[in-house]
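Notes to accompany the following structure.
The values are calculated or read from the model by the stated rules, or taken from the named source; none is laboratory data. Note that this is a predicted model, so its numbers are computed, not measured. Counting neighbours? That spans all protein chains shown, and the Cβs are built from the backbone with ideal geometry, glycine included.
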Amino acid sequence: MVQPKILFYATIVLLVCMSNATSTPQELALLQWKASLADANSLSSWSPEGNSTCCSWFGVTCDAAGHVVELSLPGAGLSGKLDAFDFAASPNLTKLNLKNSSLVGAIPYCLCKLPSIAWLDLGSNYLTNPDYSRLSPMPALEYMSVSRNKLNGAFPQFILSCTNLIFLDLSKNAFNGPIPDLLAKMTPNLVHLNLSSNRFSGTIPISLAQLSKLLELRLRSNIFSGGFPEMLTTMYTLQVFTLGNNSLSGSIPMGIGNLTSLQVLGLTNNNFTGPLPMSIGKMKHLRAFHLFNNNLNGAIPPAVGNMTALQQLFLGNNNLNGTIPPEIGNMTALQQLDLRNNQLEGEVPATITLLQNLNYLALGTNRFTGTIPLDLGRRQTHNLIGLANNSFSGELPQGLFYIRSARSKQQ
């Protein structure tokens, strides 16, 4: 039986011999890497035969001089390693996109030798840690994603030398320890920072507030502790801010209302206490507000009625009390409202029937009394309504009966 290593080198020799006299080092490097892959069916156009150059091959882009400047193969179904790729043969490479394949092994440290690389996406593979001791600064790098791999250990310090980074995604790995305080100072141009679904811990550094261009800050599903840093409420450019699934505690600062550009605010599954700040009504661009499963108390502020762009409001599994403010009827974009498992009381305001886009309403396990607004039963847009474990009186609106019957037939 021919040993796999012998077969591998024999294939490379054969490809080199087939190459015509004008084959360039960058073409030979691509062919060598293809030969090393266990699954390269999508690279059938990569062939030394004919008069075409590698510039016409699938996923390869060249400049006017014929230099390979982009290798973009997202979702190409490649299976194998990167260490057989001679990146030195493509010194003009500016973009490498190999996300969503089945690449394994360590990320090659020689990627740092590419002087012009600006876009690096190796996400959704099975790659492991590079030899960090051999990594060098990548000053041209602007976009870096290694999400959904098998990386672990402390925050990679070499990232602090990538001073022109705009987009950084380390999510869905097993990184741990604190976020470096120097991150904001060393990468001041960050617009997107995603560290979600790791094991980062400690307090959230207030130095992140220095990232004056940041639009998205995603820190959910880690082990962060401590309070909500007040300084982060000065990040006026933020549009997405997710802190859910951590161990954060304390009150939500009144300054949260200063984040008037926010579209998504996720604080679910923490230990936040105290009331909802009245200032939330200033976040008029907010589309999703998730505070499910905390320890909030007090009343729902009438200012929620000012959040007219809101589509999702999840306040379930808290200790909120008082009544639902009638101003909720002003939230005409609302599609999902979850207030279950609180201590809310009184009647459900009739203004809730003004929410014409509402398709999910969860009011179960509270202390509501009175009748259910009749117009709730006349709506055709409800996919799910939960009203159990309250003290409603009167008849169930007929339309709600039909909704329940329709759902039971589907199960």
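Inside region 361-381, residues that are assigned to a loop (DSSP other than H, G, I, E, B), modelled with pLDDT under 90 and crowded, with 19+ Cβ neighbours inside 10 Å make up a count of 1. Scanning region 245-287 for residues that are out of contact with any helix residue (DSSP H, G or I) (no Cβ under 8 Å at 6 or more places or on another chain) and of a type outside the set (A, V, I, L, M, F, W, C) yields a total of 18.
Among the candidates L337, L358, the residue that is under 26 Å from the mean Cα position of the chain (by Cα) and either surrounded by fewer than 17 Cβ atoms within 10 Å (Cβ to Cβ) or not in a strand (DSSP E or B) (or both) is uniquely L358.
Rundown of residues vs (1) out of contact with any helix residue (DSSP H, G or I) (no Cβ under 6 Å at 6 or more places or on another chain); (2) part of a loop (DSSP other than H, G, I, E, B); (3) without any contact (Cβ under 8 Å) to a residue 60 or more places away in the chain, yes/no style:
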| position | (1), (2), (3) |
| --- | --- |
| C112 | yes, no, yes |
| P137 | no, yes, yes |
| N149 | yes, yes, yes |
| S171 | yes, yes, yes |
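When G59 is tested against (1) surrounded by fewer than 16 Cβ atoms within 10 Å (Cβ to Cβ); (2) farther than 25 Å from F158 by Cα, exactly one condition is not met: (1).
Hey, does region 328-346 have a residue that's among the aliphatic types (A, V, I, L, M), under 23 Å from G244 (Cα atoms), touching a Gly at 6+ places or on another chain (Cβ under 7 Å) and modelled with pLDDT of 95 or more? Among the residues of region 328-346, at least one is among the aliphatic types (A, V, I, L, M), under 23 Å from G244 (Cα atoms), touching a Gly at 6+ places or on another chain (Cβ under 7 Å) and modelled with pLDDT of 95 or more, which makes the answer yes. Taking first residues from region 221-239 that are within 20 Å of P277 (Cα to Cα) and aliphatic (A, V, I, L, M) and partners that are part of a loop (DSSP other than H, G, I, E, B) and modelled with pLDDT of 95 or more, the Cβ contacts under 6 Å between residues at least 6 apart in sequence or on separate chains come to L238/L259; L238/L262. Within region 198-228, the set of residues being buried (at least 20 other Cβ atoms within 10 Å of the Cβ) and aliphatic (A, V, I, L, M) comprises I204, L208, L211, L214, L217, L219.
Out of the residues in region 77-117 that are crowded, with 20+ Cβ neighbours inside 10 Å and among the small types (G, A, S), which is nearest to S36 (Cα to Cα)? The qualifying residue nearest to S36 (Cα to Cα) is G80.
Within region 257-266, restricting attention to residues that are closer than 17 Å to L208 by Cα and touching a strand residue (DSSP E or B) at 6+ places or on another chain (Cβ under 8 Å), the residue that is surrounded by the fewest Cβ atoms within 10 Å (Cβ to Cβ) is L265. The set of residues from region 192-214 being under 11 Å from P180 (Cα atoms), in a helix (DSSP H, G or I) and of a type outside the set (A, V, I, L, M) comprises just one member, S207. Among the residues of region 236-249, those that are within 19 Å of the chain's Cα centre (by Cα) and buried (at least 21 other Cβ atoms within 10 Å of the Cβ) comprise L238, F241, T242, L243, G244, N246.
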